[in-house]
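See below for the structure under consideration.
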Amino acid sequence: MLNSSMDATETKRRFKQRAIWFYCVNIMMALIIGLSLYFSKQAGVYQQTFIPILILFFIWIFNVDKIYRCPKCSKSPRGKEGLIYLPKTCTSCGVELR
Ligand SMILES: [Zn+2]
């Protein structure tokens, strides 16, 4: 999986793709969970749907950072800004990501 000949531009390009995908998944999941909660409440089935929605939420939270990885070292780069702002360099291997 690791490609030593991968150049800096390629690393940045791949990271950007992952970052875009990461944000898309987050927005999608937030929408799905938000709408599920809203419609469950509207339909009065909140008690029945709350646990499945909660499970979905935890699956999302614990898996979403798998998308968000450094293309070079496959570790999840976490800056001090957390996952909100994209780090400029990988916190694990120091490769430039943007
Ligand atoms: Zn890295």
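Read-outs: derived from the displayed coordinates by stated rules, not from any lab. If you're wondering where the values come from, they're calculated on a predicted model, not measured in any experiment. Neighbour counts run over all protein chains shown; Cβ positions are idealised from the backbone, glycine included.
Among Y23, Y85, Y68, which one shows the highest mean-square fluctuation when the chain is modelled as a Gaussian network with alpha-carbon springs under 10 Å?
Y85
Once amide H atoms are placed 1.01 Å from N in the peptide plane, what residues at a sequence separation of 5 or more from T89, or on another chain, have their amide H within under 5 Å of its amide H?
Correct list: L97.
Size of the range 31-71 along its principal axes in angstrom, Cα-based, largest extent first?
Extents along the principal axes: 45, 16, 6 Å.
Cut-off 10 angstrom, C-alpha nodes, Gaussian network model of the chain. Which of A19, A43, A30 fluctuates the most?
Result: A43 has the largest fluctuation of those listed.
Arranged by the count of other C-beta atoms within 10 angstrom, fewest first, what order do F62, F22, F39, F15 take?
Starting with the residue having the fewest Cβ neighbours, the order is F62, F39, F22, F15.
Stick to Cα atoms and the Kirkwood definition of Rh, then tell me Rg/Rh for the chain.
We get a ratio of 1.14 for the chain.
What ranking do R13, R69 get, fewest neighbouring Cβ atoms within 10 angstrom at the top?
Exposure proxy ranking, most exposed first: R13, R69.
Pairs of Cα atoms under 8 Å, at least six residues apart: use those to get the relative contact order of the chain, whole percent.
Result for the chain is 33 percent.
What length, rounded to one decimal in nm, is gained on full extension from S36 through to V64, with 0.36 nm per residue of separation minus their alpha-carbon distance?
Between S36 and V64, full extension yields 8.2 nm more.
Would you calculate a helix-derived [θ] at 222 nm for the chain, using -39,500 (n - 2.57) for each DSSP H run of n ≥ 4 and dividing by the full residue count, to the nearest 500?
Theoretical 222 nm ellipticity from helices: -19500 deg cm²/dmol.
Can you count the Lys pairs in the chain with C-alpha separation below 24 Å, eight or more apart or on different chains?
17
Taking the chain as a Gaussian network, Cα atoms linked when under 10 Å apart, which of K41, K75, K66 shows the biggest mean-square fluctuation?
K41
When Lys and Arg each count +1 and Asp and Glu each count -1, what net charge do the other residues less than 9 Å away from R69, Cβ to Cβ, add up to?
Counting the neighbours of R69, the net charge comes to +2.
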